[in-house]
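Asker: For reference, the structure I am asking about is given below.
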Amino acid sequence: MTEFDFVKSSYSTSGGECVEVARNIPGVIAVRDSKAQDGAVLRVRPAAWSEFVRGAEGTGGGGDRRRVG
C-alpha cells in the first residue's frame with residue numbers, strides 16, 4: 001500500500017495549529033491534524049475536496065486552494 005505524502009498548509013502557525021493534506025494517491029485526498037500525525041486521517045474524493053475548498057474561499061476565512069491543497 002502506498003503511503004500518503006502529507007504537506008503542511010502554508011497557513012500553519014508556529015504553534016502547529018493546522019492541517020496537512022496529501023494528494024499523491026489517485027482518487028483520494030487525505031487530511032490530518034498536523035499536531036496528531038499518528039491520529040485519524042480523513043479521506044475524501046477529489047470532487048468533495050474541491051467543493052470544500054470553494055466553500056472555504058467564499059467565507060472570507062482566508063482559504064486559498066493554492067495554499068491549502
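Every number in this text was worked out from the coordinates using simple rules, so none of it is lab data. Just so you know, these numbers come straight off a predicted model, no measurement behind them.
Asker: Under the 0.36 nm per residue contour assumption, what length would be gained going from the current alpha-carbon distance of ALA40 and VAL7 to full extension?
Answerer: 10.3 nm
Asker: Continuing with the same structure: Once you order the gyration tensor axes a ≥ b ≥ c over the Cα atoms, which shape class does the range 7-59 get: rounded for a/c under 1.5, otherwise prolate or oblate by comparing a/b with b/c?
Answerer: Oblate is the answer for the range 7-59, as a/c is 1.5 or above yet b/c matches or exceeds a/b.
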